[in-house]
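Visitor: The structure is given below, and queries will be raised subsequently.
The values are calculated or read from the model by the stated rules, or taken from the named source; none is laboratory data. Just so you know, these numbers come straight off a predicted model, no measurement behind them. All Cβ positions, glycine included, derive from the backbone under ideal geometry; neighbour counts span all protein chains shown.
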Amino acid sequence: MPTRTPCRRLQPLAEALCEQPIAAGPQGPEIPYSELAELVHYEHVQVTLDDRQYAAALAKVEADDLRRQQADFTLTNLHGKAWALKDLRGHVVLVNIWATWCPPCRSEMPDLESIYKRFKKDGLIVLAISDEEAGKVKQFVAEYGLSYPILLDSDKSVHKQYTIEGLPRSFVYDRDGKLVAQAIDMRTKKQFLDMLELAGLATKCPATTLPCKDAKNKLRQYSAFIPRRTGSPAKAMYSAPNPWLQLARYSCRGAMTSDHIPPAPIPNRGQGPRGTVCFRPLLISRCRCPISM
């Protein structure tokens, strides 16, 4: 369970609700209390508020969690194939509830597609659920080039099971079918990866299509072209492919990509003059299984 930390931004809201409480309505806790309870519960922060409506809102969130933990569904995808949540034990499952009209949903879909392609061979399954008409969803999927399963919830039964009150919503189940992470709004790629880590998916482990021994040999081949002495000429940095970039790609899948390494010439990072090899300590520190060079 993630550690809850005090939140300076939410505490003023809690204090305002304490000083000027809102009368409870017939439908239960009012929206400000419910939203505060969701933020505290799902974003793993802590505020102090002694209020019955807030306590009731927290209890409702916990009850919703229990229902989601016990949720099960069978839906068909755009090609008529049936997917049952209970049949996916042994896989890490990310359930994403979305809609074509939802801008935050559209924003996070490229990241979901990238994550799915990267980890599907490791047992990740992404199930994206929409309650919209099939034709509209098909057009959207074709436009975005999505390859993970898109399921249709035409009767909104899954939306009801998960108590969906806003979009997008994401739920991660581990290989034993336990709900281990939830998101109540849009997530970045890094945040999705952090959620998948809680399900036991090694999102930061080095991975390559080469066998382990061959991969290590490949790394040594690249490292042979990299100057060792601080201050020595780094002509390799001006050539293509950049040896350090290749090392990063082979040994730090996800932890370091071309986006993290500037194009040659490499600027000084505090170890020697401009043009020297200064990324080695950073590269090795980001690898869980570093190679000795």
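Visitor: What do you reckon, is residue 129 part of a helix (DSSP H, G or I), touching a strand residue (DSSP E or B) at 6+ places or on another chain (Cβ under 9 Å) and in contact (Cβ under 8 Å) with a residue 40 or more places away in the chain? Step through it out loud before you land on a result.
Guide: Numbers: part of a helix (DSSP H, G or I): no; touching a strand residue (DSSP E or B) at 6+ places or on another chain (Cβ under 9 Å): yes; in contact (Cβ under 8 Å) with a residue 40 or more places away in the chain: yes.
Against the criterion (part of a helix (DSSP H, G or I), touching a strand residue (DSSP E or B) at 6+ places or on another chain (Cβ under 9 Å) and in contact (Cβ under 8 Å) with a residue 40 or more places away in the chain), residue 129 does not qualify.
Visitor: For residue 120, indicate whether it is within 19 Å of the chain's Cα centre (by Cα) and in the same structural domain as residue 133 (by TED's automatic domain parsing).
Guide: For residue 120, the condition - within 19 Å of the chain's Cα centre (by Cα) and in the same structural domain as residue 133 (by TED's automatic domain parsing) - is met.
Residue-by-condition table, conditions (1) in the same structural domain as residue 99 (by TED's automatic domain parsing); (2) over 26 Å from residue 60 (Cβ atoms); (3) part of a loop (DSSP other than H, G, I, E, B); (4) within 23 Å of the chain's Cα centre (by Cα):
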site: 141; (1), (2), (3), (4): yes, yes, no, yes
site: 155; (1), (2), (3), (4): yes, no, yes, no
site: 164; (1), (2), (3), (4): yes, no, yes, yes
site: 177; (1), (2), (3), (4): yes, no, yes, yes
site: 180; (1), (2), (3), (4): yes, no, no, yes
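Visitor: Right, another one. Confirm whether residue 60 is charged (D, E, K, R), free of Cβ contacts under 8 Å to residues at least 40 places away in the same chain and either surrounded by 15 or more Cβ atoms within 10 Å (Cβ to Cβ) or in contact with an Asp or Glu (Cβ under 8 Å, 6 or more places away or on another chain) (or both). I'd like the intermediate steps shown before the answer.
Guide: On the way: charged (D, E, K, R): yes; free of Cβ contacts under 8 Å to residues at least 40 places away in the same chain: yes; either surrounded by 15 or more Cβ atoms within 10 Å (Cβ to Cβ) or in contact with an Asp or Glu (Cβ under 8 Å, 6 or more places away or on another chain) (or both): yes.
Here the answer is yes, as residue 60 does meet what is asked.
Visitor: For segment 182-208, which positions are of a type in the set (S, T, N, Q) and more than 17 Å from the chain's Cα centre (by Cα)? Lay out the reasoning, then the answer.
Guide: Pass one, segment 182-208, residues of a type in the set (S, T, N, Q): 182, 188, 191, 203, 208.
The answer is 208, and nothing else.
Visitor: Identify all residues within segment 106-137 that are within 23 Å of residue 84 (Cβ to Cβ), of a type in the set (A, V, I, L, M) and surrounded by 17 or more Cβ atoms within 10 Å (Cβ to Cβ); write none if there are none.
Guide: Within segment 106-137, 112, 115, 124, 125, 126, 127, 128, 129, 137 meet the criteria.
Visitor: Using beta carbons and a limit of 6 Å, which pairs, at least six apart or on different chains, have the first residue in segment 145-165 and touching a residue at least 24 places away in the same chain (Cβ under 8 Å) and closer than 18 Å to residue 108 by Cα and the second one surrounded by fewer than 19 Cβ atoms within 10 Å (Cβ to Cβ) and among the charged types (D, E, K, R)?
Guide: 146/113
Visitor: Within segment 16-38, restricting attention to residues that are within 32 Å of the chain's Cα centre (by Cα) and surrounded by fewer than 19 Cβ atoms within 10 Å (Cβ to Cβ), which residue is farthest from residue 170 (Cα to Cα)?
Guide: Just the residues of segment 16-38 that are within 32 Å of the chain's Cα centre (by Cα), to begin with: 29-38.
Adding the requirement that they be surrounded by fewer than 19 Cβ atoms within 10 Å (Cβ to Cβ) leaves 30-32, 35.
Details: 30: 24, 31: 21, 32: 22, 35: 17 Å.
Out of the qualifying residues, it is 30.
Visitor: Collect the residues in segment 76-111 that are assigned to a loop (DSSP other than H, G, I, E, B), on the phi < 0 side of the Ramachandran plot and not basic (Lys, Arg), keeping them in residue-number order. Please lay out each step first, then the result.
Guide: Of the residues in segment 76-111, the ones assigned to a loop (DSSP other than H, G, I, E, B) are 78-81, 89-91, 98-102.
This time we only want the ones that are on the phi < 0 side of the Ramachandran plot, so: 78-79, 81, 89, 91, 98-102.
Within segment 76-111, 78, 79, 91, 98, 99, 100, 101, 102 meet the criteria.
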